[in-house]
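Trainee: This is the structure I want to talk about, given as structure tokens.
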Amino acid sequence: MMNDPDDRVRHLLRDVTPDDARRTAPPPAVWDAIAAEVGHDARADTADATDETVAGVVAPIPLRARHRWSWTLGAAAVLLVAIGAAVIIDARRADAPDLIAAVDVTSEGLPDAPAGIATRAIIEETGGVRRVALDVSGVDVGADEFLELWLINDDITDMVSLGVVRNGGTFEIPAEVELADFPIIDVSVEPDDGVPTHSGRSVLRGRLEA
Amino acid sequence: MSAALLTRPDWHNVPEEPLRRVSDQMTEPTTLDDAFARGGDSVLRAAYDEHGSFVYSLCRRTVGEDLAADITQEVFVAAWRQRASYDPARGSLGAWLTGITRHKIVDVLRREARHRNERLDSSNVLLDVSDPVEWVRQLGDRMLLADAMEALTERARAVIELAFVEDLTHEQIAASTGIPLGTVKSDVRRGLDRLRRHIDFDPPTGET
């Protein structure tokens, strides 16, 4: 059965559970027993292990952080939103967009922003899908940084990322998001550090009026 | 507000180059894989540090905690003695070790089945599965894939999931994620190459 390796990968991927990513380290006695059984070579290894030169002979093997991947949970939810939206987009492509709002977003009053930047975010709805269109080509970022578009609540306690902004583009607002609950449109400078939360360095901000 | 919405859509933000170098270790034989095949000081310990938890965890889930330590020991001793038969070009060291582990586990299950006068291929009380041999194989491969998926870039992982789990076409993935079609295709192809290296590895001979 499933002799084609690609088919096997496909079938197995569907069945992977979070348990399959969980690991338990063996008790220390296991290595001692291995070293005792294979004799000379491994005893030399054990000595190496104590002064941290184990990886010195072999090139260092970076042990992957045991932050186990969670696509079966969180990422899948994000992706399913995208899939659902794509289906809607396909079905309603011919629809003309309805303008929901045009919001001025500026650097005014933001301590981390260069002064005098102003642009406008356009929010439109097409076939039930809302999108924000934005041009940020006036904002400079460093080589290890990028801009990210957010919707934020009035308390600045909760936010939704709409994605990375390069020069400009159109960003879908997830169907679950009530714009009245997240009226602030925010563009932040994010370091390229893999940390998914807002950096706190906003460079553009505007508020959708009710 | 679901927690998922508070994180970035992950395919947007992955710096392609630095991460690709990390995951290339999954396609091309790593230094450890090569060194293990040649043998030499320190490699058994390095292999144990990298794969010991995997082997032990697979044993725990199949034969239980009491036997897991013994089998883990047997696996690494057997692997060391047979290291000349490991060919890094054919698959990852992890996949090869999993093959050895699987055979050790099946041996244990067979012994236990004999004690209970049951056939292993009939319904097994311990495991409560109809085909324990295939069950162990699939469990090992799923654990290998879990590791291999983790080593992919977030974007490649998302694309692979959409292609293989959600069964979207490349065009649908490009349309729904905004990733260029050519990138989707190369992510799928390269991702599949990497994942395949972690399964479908013929077990070493003489281990059954």
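Trainee: With a point put 7 Å past each Cα toward its Cβ, work out how far A:ARG166 is from B:TRP135 in nm, to one decimal.
Mentor: 4.9 nm
Trainee: Moving on. Does anything in segment A:114-148 have its amide N under 17 Å from the 7 Å Cα→Cβ label point of A:GLU176, and if so which residues?
Mentor: Taking a point 7 Å out along Cα→Cβ of A:GLU176, the residues of segment A:114-148 whose backbone N falls under 17 Å are A:130.
Trainee: Could you pull out every residue, at least 5 positions away or on a different chain, whose amide H is within less than 5 Å of the one on A:ARG120? Hs are placed 1.01 Å off N in the peptide plane, and Pro or chain starts have none.
Mentor: Sorted by chain and number, the residues that satisfy this are A:VAL105, A:ASP135.
Trainee: Check A:ALA101: other-chain or 5+ apart residues with amide H under 5 Å from its amide H, H built from backbone geometry?
Mentor: Here A:ILE123 satisfy the definition.
Trainee: Taking all pairs of distinct Cα atoms, average 1/r, flip it, and tell me the Kirkwood hydrodynamic radius of segment A:97-207 in Å to one decimal place.
Mentor: 14.0 Å
Trainee: Which part of segment B:157-175 falls in the paramagnetic zone of B:LYS185, meaning amide N under 16 Å from the point 7 Å along Cα-to-beta-carbon?
Mentor: Label zone hits: B:169-175.
Trainee: Assuming R0 = 41 Å, what is the FRET efficiency of A:ALA118 and B:ALA89, from their Cβ-Cβ distance, to the nearest 0.05?
Mentor: That pair, A:ALA118 with B:ALA89, gives E of 0.10.
Trainee: Taking amide hydrogens as modeled 1.01 Å from N in the peptide plane, which residues meet the under 5 Å criterion relative to A:GLY163, leaving out close sequence neighbours?
Mentor: Here the answer is A:LEU149, since their amide H atoms fall under 5 Å of that of A:GLY163.
Read-outs throughout are calculated quantities, based only on the coordinates presented, and are distinct from any laboratory measurement. All of these numbers come straight from a predicted model, not from anything done at the bench. Using ideal geometry, Cβ is built from the backbone for each residue, glycine included, and neighbour counts are taken over all protein chains shown.
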